[in-house]
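A short write-up of the structure that comes next.
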Amino acid sequence: MSSPKWMEDYVNDILLDVDDASYHRRAKAELMNHVSEEYQVLVARGYEPEEARAKVLERMGGVESLRKDYRVACLHVVSSRGRYYFRHVLIGCFLMAIVYVASFCLLAGAGYTYDARPGTPIIGNPKALLLFGCVLFTVPFGAGTLYFRKVFKYRQDRSTAITSALLFAWAGEKAAILGLSSLIYDVSIWRLPELITRISAGGDQTAPWFTVKYILATMIGCVVLGLVSGFERQRSGCRS
Amino acid sequence: MRVNKELSKGTHEIIILELLSRKDMHGYELVQEMELLSDKAFSMSQGSLYPLLHVMESKRYIDSYEETVNGRKRRCYTLTDKGRSVLAEKKNQWKVLVNAMERILGRELGEQS
């Protein structure tokens, strides 16, 4: 039996802001079932069709507030999916890579050089090296944290999602440095121990970013950023 | 008498968890049970039940499955193990709250009854 047009219109109106097709289908089926069952019960109790319709609409609630409820519920449902998580981790990592390269270019533009003059050489200058390393970590990873915080806002495991995404990006950065070193030193990436030994010996552009200290500090930085941003979100969520 | 909307807002989740701990239900049945057991004190706008159920499902408190009754497809909701432990925790919090409110309003409530 097909549903009356007013039911279809009412339900479609409520789901106007729901842009995920599978959630839309599911919510529409449930709402249609509910509305039609309530309508049939009221008609069976002796209500005139028009009265029953008005009663159903009153009991269901206002379209505006329901539209908002469904939009928020859709965000919760969609962001809890694994596919959504992986897609946004990849997008976030790509954005971070762009910011990373941009930061590198800006530092170079500001006069920081590896070891050549004129400019501020970072090798043999601990302060400049620290500043360079801090900027290279905080700017892209800070941007990544903001992005992941926004897209994982509705996830129950927000802190874990942000932290794991940042650690994935961190591992990606290390892999990229390894790849770059492999090209610089002409040592295949598959000969990993030999490559790491060569990088550790220093003397080239990637050496400062592959020390045990830098690796550990950035890894801890990712965990701290992830936990803190997730925690802050939960606090503000409780307030609202 | 209907409870003030703001006051009852935080109660819907625990009521749904409690009802689903008794048996699996679909949305329409949940609304009816909620109204019946609370003598309509805890009724909510029926349309806003489903977004709440969907959010609870995304938090893994409840799960759902489809079944066909009288040729009509329906989505039934069931409580998960996580939902069961959340319910136990929420019940404990409610006990603390109710006891505290009774201590504060006890005399006044006694006078009214």
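Need one number: buried accessible surface between chains A and B, 1.4 Å probe, both sides summed, DNA, RNA and ligands left out, in Å² to 100.
That pair of chains buries around 2000 Å² in total.
So which residues in the stretch A:15-59 end up with at least 50 square angstrom less accessible surface once the other protein chains are there, compared with the chain by itself, probe 1.4 angstrom?
A:Arg26, A:Glu30, A:Asn33, A:His34, A:Glu37, A:Arg59
Taking 8 Å as the Cα distance limit and 6 or more residues as the minimum spacing, I'd like the relative contact order of chain A as a percentage.
16
If you count only protein heavy atoms and use a 1.4 Å probe, how large is the accessible surface of A:Asp13, to the nearest 10 Å²?
Result for A:Asp13: roughly 60 Å² accessible.
Across the residues of B:28-34, average count of Cβ atoms on other protein chains within 10 Å?
Counting Cβ atoms of other protein chains within 10 Å of each residue's Cβ and averaging gives 2.
Rounded, prolate or oblate, given the Cα gyration tensor of the stretch A:81-239, with a/c below 1.5 counting as rounded?
Verdict is prolate for the stretch A:81-239.
Taking the Cα centroid of the stretch B:79-95 and of the stretch A:108-140, what is the distance between the two, rounded to the nearest whole Å?
54
Could you work out [θ]222 nm for chain A from helices alone, using -39500 (n - 2.57) per DSSP H run of at least four and dividing by all its residues? Round to the nearest 500 deg cm²/dmol.
The helix contribution divided over chain A gives -26000 deg cm²/dmol.
Could you sort A:Trp6, B:Trp94 by accessible area so the largest value comes first, with the probe set to 1.4 Å?
If we order A:Trp6, B:Trp94 from most to least accessible, we get B:Trp94, A:Trp6.
Against the longest principal axis of chain A, how steep is helix A:126-151, in degrees 0 to 90 to the nearest 10, with axes from Cα atoms?
For helix A:126-151, the angle is close to 10 degrees.
For peptide A:73-81, what's the mean number of Cβ atoms from other chains within 10 Å of each residue's Cβ?
4
What ranking do A:159-166, B:84-91 get when scored by the average of other Cβ atoms within 10 Å per residue, highest first?
A:159-166, B:84-91
Among DSSP beta bridges whose residues both lie in the protein assembly as shown, state the antiparallel percentage, nearest 5.
Antiparallel: roughly 85 percent of the beta bridges in the protein assembly as shown.
Averaged over peptide B:50-61, how many Cβ atoms belonging to another chain are found within 10 Å of each residue's Cβ?
Across B:50-61, the average partner-chain Cβ count within 10 Å equals 6.
Using modelled amide H (1.01 Å from N, peptide plane; none on Pro or chain starts), what sits under 5 Å from the amide H of A:Tyr112, excluding residues fewer than 5 places away?
Excluding prolines and chain starts, which carry no amide H, the hits are A:Thr120.
Just the accessible area per residue of the protein assembly as shown, please: how many Å² with a 1.4 Å probe?
Roughly 58 Å² per residue, with all protein chains present.
Would you work out what percent of the accessible area of the protein assembly as shown, with all protein chains in place, is carbon or sulfur (probe 1.4 Å)?
60
Going by average Cβ neighbours within 10 Å, how do the peptides A:215-223, B:14-22 rank, with the highest at the top?
Peptide ranking by packing, descending: B:14-22, A:215-223.
Amide H neighbours of B:Met25 under 5 Å, counting only residues 5+ apart in sequence or on other chains, H built in-plane at 1.01 Å?
Long-range HN contacts for B:Met25: B:Tyr77.
How far is the Cα center of the stretch A:155-219 from the Cα center of the stretch A:33-62, in Å?
63
The values are calculated or read from the model by the stated rules, or taken from the named source; none is laboratory data. Bear in mind that the values here come from a model prediction, so they are computed numbers and not experimental data. Every residue, glycine among them, receives a Cβ derived from its backbone with ideal geometry; neighbour counts consider all protein chains shown. When the accessible area is computed, the model is the full protein with side chains, heavy atoms only, and any ligands, DNA or RNA have been set aside. Shrake-Rupley method; radii C 1.70, N 1.55, O 1.52, S 1.80 Å.
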